[in-house]
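The structure under discussion appears below in the form of C-alpha cells.
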Amino acid sequence: MTTLRFRVFGQAMSVAREQGEWVLYRESHTGIKARIYDVVIPSDLKQDELATYLDDIYHEMASDKHPSVETL
C-alpha cells in the first residue's frame with residue numbers, strides 16, 4: 001500500500017492507495033487518521049498529480065500563513 005503525506009493549507013492529510021483507489025485521510029496531531037468520504041480522488045490520477053488535485057479541491061482553505069499544499 002502506498003501512502004503519501006501532505007500539508008493541505010495547514011491541515012495534515014494523507015492519501016493511500018487501497019484496492020486500486022485513492023483514499024483521503026485527515027490526520028490529527030496525535031496520529032489518529034479519519035477518512036474523508038466526501039472527497040473522491042479519481043483512481044486514474046497519477047501520484048505526482050495528487051498535490052495539485054488537493055490544491056484544486058481545498059483552495060478555499062488558503063491563508064497568508066498557509067498559502068499552498070505541501071508534500072511531506
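The values are calculated or read from the model by the stated rules, or taken from the named source; none is laboratory data. What you see is a predicted model; the values in this text were computed from it and never measured. Cβ sites come from the backbone with ideal geometry, for glycine too, and all protein chains shown count toward neighbours.
Out of all the residues in region 1-23, which are surrounded by 12 or more Cβ atoms within 10 Å (Cβ to Cβ), of a type in the set (Val, Ile, Thr) and over 15 Å from TYR53 (Cβ atoms)?
THR3
Confirm whether ASP64 is out of contact with any Leu (no Cβ under 9 Å at 6 or more places or on another chain) and exposed (fewer than 15 other Cβ atoms within 10 Å of the Cβ). First the steps, then the outcome.
Numbers: out of contact with any Leu (no Cβ under 9 Å at 6 or more places or on another chain): yes; exposed (fewer than 15 other Cβ atoms within 10 Å of the Cβ): yes.
So ASP64 passes the test.
Just wondering, is there one or more residues in region 5-26 that are β-branched (Val, Ile, Thr), free of Cβ contacts under 8 Å to residues at least 24 places away in the same chain and out of contact with any Lys or Arg (no Cβ under 7 Å at 6 or more places or on another chain)?
To start, the set of residues in region 5-26 that are β-branched (Val, Ile, Thr) comprises 8, 15, 23.
Filter once more, keeping what is free of Cβ contacts under 8 Å to residues at least 24 places away in the same chain: 23.
After this cut, where a residue has to be out of contact with any Lys or Arg (no Cβ under 7 Å at 6 or more places or on another chain) as well, the list is none.
No; the residues of region 5-26 include none that is β-branched (Val, Ile, Thr), free of Cβ contacts under 8 Å to residues at least 24 places away in the same chain and out of contact with any Lys or Arg (no Cβ under 7 Å at 6 or more places or on another chain).
Report the residue count in region 1-30 for those that are small (Gly, Ala, Ser) and farther than 23 Å from LYS65 by Cβ. Quick ask: steps written out before the conclusion?
Within region 1-30, the first condition is being small (Gly, Ala, Ser), and the residues that meet it are 10, 12, 14, 16, 20, 28.
In the following step, the residues that additionally are farther than 23 Å from LYS65 by Cβ were identified as 16, 20.
Of the residues in region 1-30, 2 are small (Gly, Ala, Ser) and farther than 23 Å from LYS65 by Cβ.
Evaluate the following for SER43: is it in a strand (DSSP E or B), in contact with a strand residue (DSSP E or B) (Cβ under 6 Å, 6 or more places away or on another chain) and of a type in the set (S, T, N, Q)? Don't jump to the end; show me each part of the working.
Values: in a strand (DSSP E or B): no; in contact with a strand residue (DSSP E or B) (Cβ under 6 Å, 6 or more places away or on another chain): yes; of a type in the set (S, T, N, Q): yes.
Against the criterion (in a strand (DSSP E or B), in contact with a strand residue (DSSP E or B) (Cβ under 6 Å, 6 or more places away or on another chain) and of a type in the set (S, T, N, Q)), SER43 does not qualify.
Just name the residue that is surrounded by the most Cβ atoms within 10 Å (Cβ to Cβ) out of those in region 28-45 that are touching a residue at least 12 places away in the same chain (Cβ under 8 Å) and under 16 Å from THR2 (Cα atoms). Talk me through it step by step, then tell me what you get.
Step one: list which residues in region 28-45 are touching a residue at least 12 places away in the same chain (Cβ under 8 Å), which gives 28-29, 33, 35-36, 39, 41-43, 45.
Next cut, under 16 Å from THR2 (Cα atoms) only: 33, 35, 41-43, 45.
Details: LYS33: 14, ARG35: 11, ILE41: 18, PRO42: 10, SER43: 10, LEU45: 13.
So, considering only residues that are touching a residue at least 12 places away in the same chain (Cβ under 8 Å) and under 16 Å from THR2 (Cα atoms), the one surrounded by the most Cβ atoms within 10 Å (Cβ to Cβ) is ILE41.
Within region 46-59, is even one residue exposed (fewer than 15 other Cβ atoms within 10 Å of the Cβ) and assigned to a loop (DSSP other than H, G, I, E, B)?
Among the residues of region 46-59, at least one is exposed (fewer than 15 other Cβ atoms within 10 Å of the Cβ) and assigned to a loop (DSSP other than H, G, I, E, B), which makes the answer yes.
Run down MET13, MET1 and say which single residue is part of a strand (DSSP E or B) and either aliphatic (A, V, I, L, M) or at pLDDT 95 or above (or both).
Numbers: MET1 fails: part of a strand (DSSP E or B).
Unique residue meeting the criteria: MET13.
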